[in-house]
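What follows is a set of notes on a single structure, which appears directly below.
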Amino acid sequence: MGSGSRFLKTLQQAAAGAGVTQVPMPDQTRSNAAAGHYRPDIDGLRALAILPVVFYHYRVAGFSGGFVGVDVFFVISGFLITSLIHGEMQAGRFSIAQFYERRVRRIFPALFALLLAATVAAYFILFPTDFARYARTLMATAAFGSNFEFWKEAGYFDAAADQKPLLHLWSIAVEEQFYLIFPLVLWACAKISHLRLRLVLGGILIASFALSVWGVANAQAATFYLLPTRAWELMVGALLAVGALPDIRMHWLREALALAGLALLAFAVFGFTPQTPFPGAAALAPCVGAALLIYSGKGGSRVGDVLSLRPLVFIGLISYSLYLVHWPLFVFTRYVVYRPLHPVEICALLAISFALATLSWRFIERPFRAGRFTISKRALFGGAVALMAGTAACAAVVFVSNGLPQRLNPRVRMILAEEQDHEPRIQRCFGLTAKDVEAGKLCRIGSNAAQAPTFLLWGDSHADAFLPAVSNVADRQGRKGLFAGTDSCAPLLGVARSDAGKCKKFNDAVIKLALSPSIREVILDARWAKSAEGTSYGDEPKGHVVMRDADGQASTQAATNRMFLRGLSRTVSTLRKAGKKVILVGSVPEIGYPVPAVMARRSLAGKHSPLVQALSVYMARQHFVFYAFDEMQRDYGAKIIYPHKVLCETGSCRVAVNGKPLYRDEHHLSVFGAMQLTPILAGVF
């Protein structure tokens, strides 16, 4: 026997000992399908799926599209599960109970061990708000519905991805939902011909793909997280499993297709970025690439031989455990140090991730999957339900108790309370659409005794943060007003933002309201610098805000500056021509890190020196904004009020007063912070 044959036999024996599913190929006879056929190259393909995901999550340079590894897993799962079920159905021995027994043995042990370890870590590491948020996602994860939870959470004030230890488990939820439904689809199609089965699966693929393409442009979060727009990726593998493509007899063609598949994967992994519209049509590259590697590997190819090498096969074998452990490890580490990780730290985390994954595979996955624990189906399913219920109950306790704040001392709790110190009507009054404005759904602020609104506060989330101060002063002066605010939309007429598609329509609706005869003053407030510079700040994800108006798209910072000035001029000039008094509120200092969380960490470490930001840093960021404001004052007589004259009056910009944060996060004032600005509003009304 040649060395290559001995190596393959060794791999097959190792795989059998590890409990790897023996996967029947779709075009085999009944007897061969029953015997099964191990594909080491598919374990190698798993390695090509998991490594880009891990490197992407760990911010390894070059892997900007590593997230597509999840899509490769979907294709592999669709192929393997369909091969297994379809083969057993052809052999007349498919059992739905046995199928779900295998799923429980495959998924539950490593997953719930990870959830236990992550929950213990979260108890000691996460602050109450984040622990309560973790508990909510833990509850959803226990029910294999975390993709729905993360979809619902997606929004302007949502926590950053690297503060969610269980975020990666959305894909496990998608797969389990697929496994719940798809066997019933195949069972329902068991009596139809092979051709009709392929047509059914192809129809599902086409419908799901079309929905995904539509959803990327119209419902991005739902499209990313939910099964209906991801099902087509699993169907790519399923169609391969039922023999939708004929066997390749020409060796050169198998080699060419294998190389093409590898190239498509590389194109996606190294060419895509988080800004790539995804999944939609872009997901074709990794999915077709994975399908070509599976398809060409059936008859053997040089690429398949490489994928069958021992190191890649081993990484494929531990890929499930590696996927489970790597992300929580990164999140908790990043949460503790609260800064970007150094390359040495990244390497250490990678080593720890592989070590933990190997231990999980060896001592948790393998024993359960190989059936070394003798247990009846009833006991197995009962234990699975008990695990799910117990985990959900534990999560509910943490969530109902608001993250168990009693774990922390009173001073730290006081600091962290400012994270929730936002304008109390934010859920009802903020985040409006143009239709809301046209329907008269704006919230009234100021004095309840006044008869009708006579002023308008208009802007983005910074205007919402400033609202308590405006409302307080208006109330004292017997004035009533309206608040028109929505996320990421500075009041720049005629300007559209790539990251906030509703802005132009929203602002067009608000200006009509602002021109109403009853409105005398219009207060404009926003995070001006982000629109003027087109850049994020501090801990925010890096990226450029692409803006467009009637003159085209701003492709440079200078062009963004000019577009900002044009939009602001249109707004102010329109209001002034209508006889309105215009008040421009300058930006508050952007701190660049979540102030309450950082102050709390410093307090726990015994560091009580005040945090400040250099005034020069603030002035540099606002340079063009202040130039534009001067233009508005000179050309149109707009009144300017500058929050930094209060917040930075000592020569540096404060982030707290008497140990109490002025901000609830990186750049939004808390109600306490906003109330410090009431003195500068004295002359507004």
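Any idea which of 477, 491, 118 is furthest toward the positive side of the dipole for the chain, if Lys and Arg beta-carbons carry +1 and Asp and Glu beta-carbons -1?
It is 118.
Taking all protein chains as present, what is the carbon and sulfur share of the accessible area of region 401-457, in % to the nearest whole number, probe 1.4 Å?
49
Looking at 398, 359, 94, which one has the Cα that reaches farthest to the positive end of the dipole of the chain (charges on Cβ: Lys, Arg +1; Asp, Glu -1)?
94
For region 412-518: lysine pairs with Cα atoms under 14 Å, gap of 8 or more or different chains, count?
Count of close lysine pairs: 5.
What size of dipole, in debye to the nearest 20, comes out for region 129-204 about its Cα centre when the only charges are +1 on Lys and Arg C-beta atoms and -1 on Asp and Glu C-beta atoms?
Magnitude of the dipole: close to 460 debye.
Taking the Cα centre of region 161-294 as origin, sum charge times position over the Cβ atoms of Lys and Arg (+1) and Asp and Glu (-1), and report the length of that vector in debye to the nearest 20.
With Lys and Arg at +1 and Asp and Glu at -1, about 360 debye.
For region 232-310 and region 540-603, what is the centre-to-centre distance using only Cα atoms, to the nearest Å?
Comparing the Cα centres of region 232-310 and region 540-603, I get a distance of 44 Å.
Can you tell me the dipole magnitude for the chain around its Cα centre, using point charges on the Cβ only (Lys, Arg +1; Asp, Glu -1), in Debye to the nearest 20? Let's see the in-between values first.
Working: 70 positive and 45 negative charges, 152 e Å.
My answer is approximately 740 debye.
What percent do you get for the relative contact order of region 54-189 when only Cα pairs under 8 Å and 6+ apart count?
Values: 61 pairs, mean separation 28.7, N = 136.
Averaging sequence separation for qualifying contacts and normalising by length gives 21 percent for region 54-189.
What accessible area per residue comes out for the chain, rounded to a whole number of Å², with a 1.4 Å probe?
Here the per-residue accessible area is 42 Å².
Angle, helix 194-218 long axis vs. longest principal axis of the chain, Cα atoms, 0 to 90°, nearest 10?
Result, in degrees: 20.
Any idea what angle helix 170-188 forms with the longest principal axis of the chain, computed on alpha-carbon atoms, 0 to 90 degrees, nearest 10?
Roughly 50 degrees, rounded to the nearest 10.
Within 10 Å, Cβ to Cβ, of residue 74, how many net charges do the neighbouring residues add up to if Lys/Arg are +1 and Asp/Glu are -1? Don't skip to the end; give the middle numbers.
Numbers: positive: 230; negative: 71, 175, 233.
Around residue 74, the surrounding residues sum to -2.
Would you rank 375, 511 by solvent-accessible area, highest first, keeping every protein chain in place and using a 1.4 Å probe?
So, going from the largest accessible area down, we get 375, 511.
On the accessible surface of region 587-685, probed at 1.4 Å, how many percent belong to carbon and sulfur atoms?
55
Using only the alpha-carbon atoms, how far is helix 128-142 inclined from the longest principal axis of the chain? Give it as 0 to 90 degrees, nearest 10.
30
List the Cys residues of the chain that have no partner Cys with a C-beta closer than 4.7 Å.
For the chain, the answer is 189, 287, 347, 394, because their Cβ atoms have no other cysteine Cβ under 4.7 Å.
For the charge dipole of region 510-559, defined by +1 on Lys and Arg C-beta atoms and -1 on Asp and Glu C-beta atoms about the Cα centroid, which residue among 541, 557, 516 has the Cα displaced farthest towards the positive pole?
Going by the charge dipole, the pick is 516.
Quick check: Cα centre of region 347-364 to Cα centre of region 446-460, how many Å?
Spelled out, the Cα-based centre of one part sits 59 Å from the other.
Do you know the Lys pair count in region 562-685 for C-alpha distances under 21 Å, with sequence separation 8 or more or different chains?
Values: 577/639; 580/639; 581/639; 607/660; 645/660.
Lysine pairs meeting both conditions in region 562-685 amount to 5.
Among [x] 1.05; [y] 0.99; [z] 1.10, only one was calculated for this model; which label is it, if the read-out is Cα Rg over 2.2 N^0.38 Å?
Only one listed value fits the structure, namely [z].
Of the listed peptides 606-615, 665-674, 311-320, what is their order by residue-averaged count of other C-beta atoms within 10 Å, with the highest listed first?
665-674, 311-320, 606-615
The values are calculated or read from the model by the stated rules, or taken from the named source; none is laboratory data. Remember, predicted model here, so these are calculated numbers, not experimental data. Don't worry about glycine lacking a Cβ; one is built from the backbone with ideal geometry, like all the others, and counts go over all protein chains shown. SASA here: full protein model, heavy atoms, side chains in, ligands and nucleic acids out. Shrake-Rupley method; radii C 1.70, N 1.55, O 1.52, S 1.80 Å.
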